[in-house]
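Colleague: A single structure is presented below for examination.
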Amino acid sequence: MSDAPHSGVRFRGVIDLDEHKVHDRPTIYVYEAPVRAWHWTNALAITVLAVTGYFIGSPPPALAGEASAHFLFGYIRFIHFAAAYILAVGFLVRIYWGFVGNSHSRQIFYLPVWERTWWAGVVHEALWYLFLRKEPKKYVGHNPLAQTAMFFMFTLFTLFMIITGFALYSEGAGIDSWQAKLFGWVFNLFPNSMTVHTLHHYGMWVIIIFAMLHIYAAIREDIMSRQTMISTMISGERQFRDDRED
Amino acid sequence: MAIETFYDVIRRQGISRRSFVKFCNLTAASLGLGPLAATQMAEALETKPRTPVIWMHGLECTCCSESFIRSAHPLAKDIILSMLSLDYDDTIMAAAGHQAEAILEETKAKYKGQYILAVEGNPPLNEDGMFCIDGGKPFVEKLKWMAEDASAIIAWGACASWGCVQAAKPNPTQATPIDKVIKNKPIIKVPGCPPIAEVMTGVVTYITTFGRLPELDRHGRPKMFYSLRFHDKCNRRPHFDAGQYVEEWDDEGARKGYCLYKMGCKGPTTYNACSTVRWNNGVSFPIQSGHGCIGCSEDGFWDQGSFYDRLTGINAFGVELNADRIGATAAGVAGAAVVVHAAATVVKRLTSKTDA
Amino acid sequence: MGIETPNGFKLDNSGKRVVVDPVTRIEGHMRVEVNVDANNVIRNAVSTGTMWRGIEVILKGRDPRDAWAFTERICGVCTGTHALTSVRAVENALDIKIPENANTIRNIMQLTLQVHDHVVHFYHLHALDWVDVVSALSADPKATSALAQSISDWPLSSPGYFRDLQGRLKKFVESGQLGPFKNGYWGHAAYKLPPEANLMAVAHYLEALDFQKEMVKIHTIYGGKNPHPNWLVGGVPCAINIDGTGAVGAVNMERLNYVSSIIDQMITFTEQVYLPDLQAIGSFYKDWLYGGGLSSTSVMSYGDIPEHANDYSPSSLKMPHGVILNGNLKEVLPIDHKDPAQIQEFVTHSWYKYPDETKGLHPWDGVTEPHYELGPKAKGTRTNIEALDEEAKYSWIKSPRWKGNAVEVGPLARYIIGYAQGKPEFKEPADKLLTDLGVPLTALFSTLGRTAARALECQWAVHQLRYFQDKLMASLKAGDLATANTDKWSPDKWPAEAKGFGFTEAPRGALGHWIKVKAGKIDNYQCIVPTTWNGSPRDPKGNIGAFEAALMDTPLADPEKPLEILRTLHSFDPCLACSTH
Ligand code: HEM
Ligand code: HEM
Ligand code: NFV
Ligand code: SF4
Ligand code: SF4
Ligand code: F3S
Ligand SMILES: [Mg+2]
């Protein structure tokens, strides 16, 4: 492991993205404000999308009275679409931040599969979850296992949800809409949009499962690991709880 | 190009020149016209031909033809008598056997590049194409042969456009849509099982009136009829938005005309003109009459699970599953795993603490 | 070299072989080959269904509640009858009872189909076998008008009307583009109508084309569209609401009135146009009594149009039920659709494989496994057939048999059975027509008889339509609005295994579907369709089917233009998509 870029107290055992830098402070600023703001907006948007999406798939029991007196399903769909726009715009902003932000802001968009040490980290963290290691390692950013889950279950699927979602949206917006121009190609792959509905619906479940595992892991790591988790996503600062080398 | 005139026709049928002149005189007389008119008529009989149409049938149910003749505007009879020349259509043509086959050869030779080939149904490719035999030969051969010299091809209905019922899994005959067999001709798809009569005649008259194909969408369908999910113009749509659904057949909601979404209505995913043009001169359409749309103008609509399910079902291990059942089961498993894992974590922590 | 079939036909395939392929003005793809003797009389007939789609194979593993939509697509001409048969089969298997109104509406749907199909068949598929379009050009409109007025009160019959029409026809012919009339057998010696009758028939050809689209609006109202209206296991999909708000989404007073007025028009058209035309045309052809085939010996009808919901016993069925064998009109045998020994299908001469092809299979145990091969005596190649070998497999149609007998089905079969049972609603109109034409009862057993029975049945059906529409109104008046029973809609309520059958009398004859349900899915689905019966190839014993039998012994005026073959085949209204499915 290389030396810290600047002098001071070495806080041993912390692994960072590039060359496993060792840091010299017990607290490191990891998640910049835009990432944090995005995280919580995104989490809220997805929650709203999942709830409204579920009801789009299985509407609540019929309401009595005149149709003109209600717009329940209309609102459910409206909220879904509003949250969808928040999700999509947020995702774009997040991609932008991936370019201009710090190195951790890029983590959810790629996996450093070419790095042996990264693989070792995946294995180590997996073993830690299987109770086969006494301790996790200390990471500045996402640990490799979390990164893997985020990349596959979150990033790819959110992208998938946005693409299929806007393709579905274009059906209502009409074939001259920008949504149709940008996302109409989805129907080249799946000519019957019923399939797209179904896939979009499956996508929700993938993301729900991700959220479940993710929240559990966040809480658990917050308690069990050698570093802060939830407060990090609030303040941006990661604190490490020990100074051991490994 | 040699155009067959009426004179040619009757001469070929063994009628003499003299009878022909007599016929012209008679006709002119019966129309109250003088002898000059008769001469003009005889000359004018060499007229500009109506667009010849060859209507071929593959594997199908003839329902598209049946739908076509239901057209109210224009009337099928006016189309057939005045707007085009339906020179070949096995379902209604007078000729049979080799006299019928002769028409194909003649049209091909005489109207090369000028006739429209309308195809109802589709060719099967398994068994060397012999699941559909026409004149002793595979239909697919005849289809390709007639397509060679056609100006454009109309693929009628879900059969010709997508494959339809015979192409539903496991598609034992390998029934194949027209555009997978003919690649080098403009093909216009008019899907539906069957398509709406006035949509069919609308397409035909558009072509004969404007002399070109209508604008098509990415799937080759005329935009004017297929660019909208009719869900967006459905008469039950206010109930959809309100959240008022038929929950069970013939329930209160059904009698009040609530939305059929929960009964599996495929309106939200189906492109057709049903809610705008409607059926049989605007009398009704499936949803108005109480049954959900089954998506009959969509590609592969037979294989999207039950018509009464909202989402494509999959049949895994002999159990019918849908996205929610699979998703909820997976989420349940994940949830249980989380709980077990959390419990194990607690146990481990307590035990390791006591150890320490 | 001649042979005699067990069902009494002397076959001799030594003479000249005449092939008609495609047979046109039918539904679907068909080929026929005959051998004629030196006098051009047919001595051997081979009829072949030349298409197969595999709907029975495709249905396996699907939801039984969806089966109606698949089977409805077996045919768009007899649209709806397969769907009705299918929902009946599923209801029979799962013991689902439908409400009375649903039964009534289903009857109205089915009767509408009968009328529509018969009218379209007569005018647009069959008429050109009797009517010479070109001859109509030389008719005198005045005389045509006189003829029309002498046989009917139909108002479209003035000289001016016929003159206009003739003018249009002339213009059409003058254009040199004869469209669907191109290459017809115009001027053929077998055409017997005077020009005036031809002109009148052409006028009605066009009127019928206009009117047929009106009748089907009944399907549109109750079923949402035509062709291929919607059906429902457990009832009908159209809910009824005659008082409440929101009735626009359901059947309301305006819709009921609409149906009623169409029925009135159907009655008028049938009685003022169809029947008079049939009689007028028939009177010129009453010497041409070929084409009887099996009709004088073996006919079958399942019966249909149940008066009471869920009661499919012969006493509830308004269309006749039973089988007549060996021409014994004194005995009408009952049919049991469940009896494995009664209805069986053979494939010895069909392009399918069975484990043991000498035996027939009851449809519950039916197998549909395609197997295309030509016999050793076939001429041409596998993909370019010049002549078939009828001693081997030669058709995509299976051979259904009732207790081993080939039978004819269809309107004529129904009329013969109804007649034999002495039912006045069938016997009296038939007797009247025979008397009017001055022909004996035996004239019924012919091509013409088949065509006539269809017209008579159409007349019966239009009045039944009125009856059932009135019945529906009475029921609504009495406060019964129910149209569907959903007690067993959910597959959770079905037994693990079940089997059932459903039948109808389709326009072309007896139609049956047999279903086996296992774990909520279709385990086996078999259809035996009217044209399967009529168009069947030979069975292992060598019995020939109704098409082949009817062609036998008919003289052809000109084998190059086999108008007579078309005439007789068309009299069955063949539907090949149906027959092979
Ligand atoms: C993680 C994010 C999302 C989740 C969990 C989600 C979930 C769902 C679900 C479960 C459905 C019901 C599908 C069905 O049963 O037919 C649905 C429908 C839909 N979603 Fe999403 N969705 C998400 C993102 C989006 C996005 C980004 C858009 C873009 C506009 C979108 C647009 C739609 C549309 C248009 C429908 C169909 C609405 C309708 O048919 O009335 N969704 N969504
Ligand atoms: C109460 C709910 C949640 C909590 C407590 C929570 C907590 C956290 C924490 C602590 C991190 C940082 C993990 C690390 O440092 O390795 C994180 C990251 C992340 N979370 Fe959540 N989260 C919640 C909900 C969600 C939801 C619903 C989603 C989306 C489905 C989500 C998606 C993400 C993503 C994509 C990241 C990576 C952020 C990035 O690197 O840009 N989170 N979350
Ligand atoms: N054969 C037959 Fe059908 C009838 N009628 C059906 O059952 O025609 Ni398409
Ligand atoms: S598309 Fe449907 S209606 Fe048309 S021929 Fe095919 S099966 Fe029949
Ligand atoms: S009935 Fe069908 S098409 Fe009409 S609004 Fe409801 S879901 Fe849409
Ligand atoms: S089933 Fe077909 S007819 Fe229209 S309403 Fe649906 S597309
Ligand atoms: Mg069968």
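The values are calculated or read from the model by the stated rules, or taken from the named source; none is laboratory data. Given the structure is predicted, the values throughout are model-derived calculations rather than measurements. Heads up, the Cβs are rebuilt from the backbone with ideal geometry, glycines too, and the neighbour counts pull from every protein chain shown.
Colleague: Kindly indicate whether any position in segment C:113-131 is among the polar types (S, T, N, Q), in a loop (DSSP other than H, G, I, E, B) and either more than 8 Å from chain B (Cβ to nearest Cβ) or closer than 27 Å to B:Arg70 by Cβ (or both).
Modeller: No: zero hits.
Colleague: For segment A:220-246, what are the residues that are aliphatic (A, V, I, L, M) and more than 9 Å from chain B (Cβ to nearest Cβ)?
Modeller: A:Met229, A:Ile230, A:Met233, A:Ile234
Colleague: Just a yes or no: is a residue in segment B:155-169 more than 16 Å from ligand 7 (Cβ to nearest atom), surrounded by fewer than 21 Cβ atoms within 10 Å (Cβ to Cβ) and farther than 19 Å from C:His29 by Cα?
Modeller: Looking through segment B:155-169, at least one residue is more than 16 Å from ligand 7 (Cβ to nearest atom), surrounded by fewer than 21 Cβ atoms within 10 Å (Cβ to Cβ) and farther than 19 Å from C:His29 by Cα.
Colleague: Mind telling me which of the residues C:Lys432, C:Lys427, C:Lys477 ends up being modelled with pLDDT of 95 or more and farther than 21 Å from C:Tyr274 by Cβ?
Modeller: Exactly one of C:Lys432, C:Lys427, C:Lys477 is modelled with pLDDT of 95 or more and farther than 21 Å from C:Tyr274 by Cβ, namely C:Lys477.
Colleague: Sort out which residues of segment B:91-137 are β-branched (Val, Ile, Thr) and either in a loop (DSSP other than H, G, I, E, B) or within 8 Å of chain C (Cβ to nearest Cβ) (or both), and write them in order of number.
Modeller: Across segment B:91-137, the qualifying residues are B:Thr91, B:Ile92, B:Ile103, B:Ile133.
Colleague: In addition: Can you find, within segment C:113-161, the residue that is surrounded by the most Cβ atoms within 10 Å (Cβ to Cβ) among those that are farther than 18 Å from C:Leu178 by Cα and among the polar types (S, T, N, Q)?
Modeller: Checking each candidate, the answer is C:Thr144.
Colleague: Follow-up. How do the pairs read when you match residues in segment B:55-76 that are more than 16 Å from ligand 1 (Cβ to nearest atom) with residues anywhere that are assigned to a strand (DSSP E or B) and of a type in the set (Asp, Glu), using Cβ under 7 Å and keeping only pairs 6 or more apart or on different chains?
Modeller: B:Trp55/B:Asp89; B:Trp55/B:Glu120; B:His57/B:Glu120; B:Glu60/B:Glu120; B:Thr62/C:Glu27; B:Cys64/B:Glu120; B:Ser65/B:Glu120
Colleague: Now for a separate question. What are the residues in segment C:218-241 that are closer than 18 Å to C:Asp470 by Cα and out of contact with any strand residue (DSSP E or B) (no Cβ under 8 Å at 6 or more places or on another chain), if any?
Modeller: C:Ile218, C:His219 - these are the residues of segment C:218-241 that are closer than 18 Å to C:Asp470 by Cα and out of contact with any strand residue (DSSP E or B) (no Cβ under 8 Å at 6 or more places or on another chain).
Colleague: Here is a check on your reading of the model: is C:Ile96 outside any helix (DSSP H, G or I), under 28 Å from B:Gln304 (Cα atoms), within 16 Å of ligand 4 (Cβ to nearest atom) and of a type in the set (A, V, I, L, M)?
Modeller: So C:Ile96 does not fit the description; no.
Here's the yes/no breakdown for (1) within 16 Å of ligand 2 (Cβ to nearest atom); (2) outside any helix (DSSP H, G or I); (3) at pLDDT 95 or above:
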residue: A:Lys134; (1), (2), (3): no, yes, no
residue: A:Gln147; (1), (2), (3): yes, no, yes
residue: A:Phe151; (1), (2), (3): yes, no, yes
residue: A:Gly165; (1), (2), (3): yes, no, yes
residue: A:Tyr169; (1), (2), (3): no, no, yes
residue: A:Gly172; (1), (2), (3): no, no, no
residue: A:Leu199; (1), (2), (3): no, no, no
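Colleague: Tell me, yes or no, whether segment C:72-80 has at least one residue that is touching a His at 6+ places or on another chain (Cβ under 6 Å), within 30 Å of C:Pro559 (Cα to Cα), touching a residue at least 12 places away in the same chain (Cβ under 8 Å) and hydroxyl-bearing (Ser, Thr, Tyr).
Modeller: Within segment C:72-80 (the criterion being touching a His at 6+ places or on another chain (Cβ under 6 Å), within 30 Å of C:Pro559 (Cα to Cα), touching a residue at least 12 places away in the same chain (Cβ under 8 Å) and hydroxyl-bearing (Ser, Thr, Tyr)), the answer is no, since none of the residues qualifies.
Colleague: Same structure again: I'd like the full set of residues that are surrounded by 24 or more Cβ atoms within 10 Å (Cβ to Cβ), within 24 Å of A:Gly174 (Cα to Cα) and without any contact (Cβ under 8 Å) to a residue 12 or more places away in the chain, limited to segment B:243-261.
Modeller: Across segment B:243-261, there are no qualifying residues.
Colleague: Would you say C:Gln149 is over 27 Å from the mean Cα position of the chain (by Cα), away from every other protein chain (no Cβ under 14 Å) and of a type in the set (S, T, N, Q)?
Modeller: Yes.
Colleague: If you don't mind, another one. Scan the strands (runs of 3 or more DSSP E) fully inside segment C:257-350 and keep the ones with 2 or more residues being in contact with a Gly (Cβ under 9 Å, 6 or more places away or on another chain).
Modeller: Here the list reads C:299-301, C:343-346.
Colleague: Moving on to the next point. In segment C:234-243, is there at least one residue being at the interface with chain B (Cβ under 7 Å from one of its Cβ atoms), without any contact (Cβ under 8 Å) to a residue 40 or more places away in the chain and among the acidic types (Asp, Glu)?
Modeller: no
Colleague: Let me ask another. Return the residue satisfying two criteria in turn: it lies in segment C:507-541 and is over 26 Å from B:Ser306 (Cβ atoms) and within 14 Å of chain B (Cβ to nearest Cβ), and of such residues it is farthest from ligand 7 (Cβ to nearest atom).
Modeller: Looking at the filtered set, the residue picked out is C:Pro507.
Colleague: Checking C:Ile544 against (1) of a type in the set (Val, Ile, Thr); (2) closer than 23 Å to C:Gly291 by Cβ; (3) not in a loop (DSSP other than H, G, I, E, B), which single condition isn't satisfied?
Modeller: Condition (3) is where C:Ile544 drops out.
Colleague: Let me ask something additional. Which of the residues belonging to segment C:184-238 are polar (S, T, N, Q), out of contact with any Gly (no Cβ under 6 Å at 6 or more places or on another chain) and within 20 Å of B:Ser275 (Cβ to Cβ)?
Modeller: Within segment C:184-238, C:Thr220, C:Asn226 meet the criteria.
Colleague: For B:Pro195, all conditions in the list (1) within 17 Å of the chain's Cα centre (by Cα); (2) under 28 Å from A:Leu189 (Cα atoms); (3) surrounded by fewer than 24 Cβ atoms within 10 Å (Cβ to Cβ) hold save one; what is the number of the exception?
Modeller: (3)
Colleague: Looking at C:Leu275, C:Leu256, can you tell me which residue is away from every other protein chain (no Cβ under 12 Å), farther than 29 Å from B:Glu198 by Cα and hydrophobic (A, V, I, L, M, F, W, C)?
Modeller: C:Leu275 is the lone residue from the list that is away from every other protein chain (no Cβ under 12 Å), farther than 29 Å from B:Glu198 by Cα and hydrophobic (A, V, I, L, M, F, W, C).
Colleague: Restricting to segment C:200-233, what's the tally of residues that are assigned to a loop (DSSP other than H, G, I, E, B) and at the interface with chain B (Cβ under 7 Å from one of its Cβ atoms)?
Modeller: Within segment C:200-233, residues that are assigned to a loop (DSSP other than H, G, I, E, B) and at the interface with chain B (Cβ under 7 Å from one of its Cβ atoms) number 7.
Colleague: In segment B:219-250, how many are of a type in the set (D, E, K, R) and either more than 8 Å from every other protein chain (Cβ to nearest Cβ) or more than 29 Å from A:Thr52 (Cβ to Cβ) (or both)?
Modeller: Matching residues across segment B:219-250 total 5.
Colleague: A further question on this structure: Here are B:Val338, B:Val319: which of them is at the interface with chain A (Cβ under 7 Å from one of its Cβ atoms) and at pLDDT below 95?
Modeller: B:Val338
Colleague: Can you confirm whether segment C:83-106 contains a residue that is under 29 Å from B:Met93 (Cα atoms), within 26 Å of the chain's Cα centre (by Cα) and within 12 Å of chain B (Cβ to nearest Cβ)?
Modeller: Taking every residue of segment C:83-106 in turn, at least one turns out to be under 29 Å from B:Met93 (Cα atoms), within 26 Å of the chain's Cα centre (by Cα) and within 12 Å of chain B (Cβ to nearest Cβ).
Colleague: Then there is this: Taking the condition over 30 Å from B:Ala342 (Cα atoms) and within 16 Å of ligand 6 (Cβ to nearest atom), does A:Asn188 pass?
Modeller: Against the criterion (over 30 Å from B:Ala342 (Cα atoms) and within 16 Å of ligand 6 (Cβ to nearest atom)), A:Asn188 does not qualify.
Colleague: Can you name every residue in segment B:262-293 that is under 17 Å from C:Asp66 (Cα atoms), facing another protein chain (nearest Cβ under 8 Å) and surrounded by fewer than 24 Cβ atoms within 10 Å (Cβ to Cβ)?
Modeller: B:Lys262
Colleague: Among B:Thr201, B:Thr205, which is among the hydroxyl-bearing types (Ser, Thr, Tyr) and either surrounded by fewer than 21 Cβ atoms within 10 Å (Cβ to Cβ) or out of contact with any helix residue (DSSP H, G or I) (no Cβ under 7 Å at 6 or more places or on another chain) (or both)?
Modeller: Answer to the selection: B:Thr205.
Colleague: Taking B:Gly267 as meeting all but one of (1) within 16 Å of ligand 1 (Cβ to nearest atom); (2) farther than 27 Å from C:Ile105 by Cα, write down the number of the exception.
Modeller: Checking B:Gly267 against (1) within 16 Å of ligand 1 (Cβ to nearest atom); (2) farther than 27 Å from C:Ile105 by Cα, the one that fails is (2).
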